[in-house]
Amino acid sequence: MKDIAIFGVGGFGREVLALIKDINKVEPTWNIVGFFDDGYEKGVMVNGYPNLGKTEDLNQWEKPISLAVSIGSPIIKKKILDKITNPLVDYPTLIHPSVWIGDKEFLEIGNGCIICAGVMITTNVQIKDFVILNLQCTVGHDSIINDYAAFMPSVNISGEVTIGEGVYVGTGAKIINQLEIGEYTIVGAGAVVSKTLPAHCTAVGVPAKAIKFHNQMAER
């Protein structure tokens, strides 16, 4: 089994810990060594595993290690990844055993993705690097999801949708078919996206409308 650590000890980090344990129940794959988190002291125990330190400790790690970056915010995740310089770190894609994929032959998926329990993905879908599909999300045919995009539980993505880099979609939102969401846009929980949305905006409501625009690298 290969060593794996989780970056982020918050709620989602602990959910990813459970996901990895579920993978191991089906096929022993990962030796869980602990967490890394810049906001916690080294040695603090989290759900039975130690915080191994901060980013600087990870950059000094002396043997190969896989890392699950369990950060929901695309902006913060990208900043963390930019600070990780250790060549011994790799980023596996973690897929919960319950995930349903309609046609694996026509699914393209990148590195560092986290696909949670109950997700359904149909066919001819492209999912790029460091994407999060949280519990019970669905992804329709011919959709493209770009780097760092994050979808909270029960988001429905219809067919032929293109999601830009760093998009964040709140719980229960729905995106109808043949639309595009521009990079680093935020879609509020429960919104229904029925028209293409521009980049760098926050959109809420039914139907979803942009209510403000923001800088790409603004904190969320």
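Please treat every number below as a calculation from the coordinates, not as lab data. Since we're looking at a predicted model, the values are computed, not measured. We place every Cβ from the backbone using ideal geometry, glycine too, and count neighbours over all the protein chains shown.
Numbers below:
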| quantity | calculated |
| --- | --- |
| Hydrodynamic radius (Kirkwood) for the chain, which is based on Cα pairs only, to one decimal in Å | 17.7 Å |
| For the stretch 1-121, the spread of Cα positions along each principal axis, largest first, Å | 42, 28, 26 |
| Inter-site label distance for H214 and Q60 at 7 Å from Cα along Cβ, in nm | 3.5 nm |
| The stretch 109-162: C-alpha gyration tensor shape, a/c 1.5 cut-off, then a/b vs b/c | oblate |
| Cα-based shape type of the stretch 142-220, given that a ≥ b ≥ c are square roots of the gyration tensor eigenvalues and the cut on a/c is 1.5 | rounded |
| Charge tally in the Cβ shell below 12 Å around D147, where Lys, Arg are +1 and Asp, Glu are -1, D147 excluded | 0 |
| Length gained when the stretch D90-V44 is fully extended (0.36 nm per residue, less Cα-Cα span) | 14.2 nm |
